[in-house]
Amino acid sequence: MKGDFLKMVYASLPQENHGFHGVPAVLFAVGKKTISSAVLRNRVKRMMREAYRLEKSPVVATLVTMPDALANERLCIVFLYTGKKQNFPDLEAFRVEIRRLLQSVKLF
């Protein structure tokens with residue numbers, strides 16, 4: 001799924017251990033060619049993590065109530081930042097984008 005400045009890739013993979021049922025594995029990535037400064041890359045990743053933390057409760061609630069047939073599966077999500085090099089969005093824009101991408105997957 002592609003948004004305005006984020007791309008979301010997701011897959012359901014077999015779960016090796018049963019310790020974290022219902023909690024998706026999430027990865028946040030910002031390319032070096034997109035933002036060359038490590039300080040700014042880390043700042044964007046922190047903002048993406050915070051936006052996901054604020055928007056994840058419906059996703060986790062939906063995954064916990066899934067049928068037992070899918071109990072051996074684990075949802076894995078990758079958020080890739082594909083925005084502009086010079087200026088990046090604020091936290092509220094990240095929240096809106098992540099919410100829109102998660103809703104497009106029809107998890108909740």
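Readers should treat all values here as calculations from the given coordinates under stated rules, not as data from a laboratory. The shown structure was predicted, so the numbers you read here are calculated from the model rather than taken from an experiment. All Cβ positions, glycine included, derive from the backbone under ideal geometry; neighbour counts span all protein chains shown.
Worth pointing out:
- Close amide H pairs (under 5 Å, H built 1.01 Å from N) link R74 with L13, Q15, residues at least 5 positions away or on another chain.
- In this label model, V9 and N87 are separated by 3.0 nm, measuring between points 7 Å along each Cα→Cβ vector.
- Taking a sphere under 13 Å around the Cβ of L13 and counting the other residues whose Cβ falls inside, with K and R at +1 and D and E at -1, yields a net charge of -1.
- Within the same chain, aspartates and glutamates fewer than 8 places from K7 are excluded, and of the rest, those with a Cα less than 13 Å from its Cα are E97.
- Label positions at E50 and A38, each projected 7 Å from the Cα along the C-beta direction, are separated by 2.2 nm.
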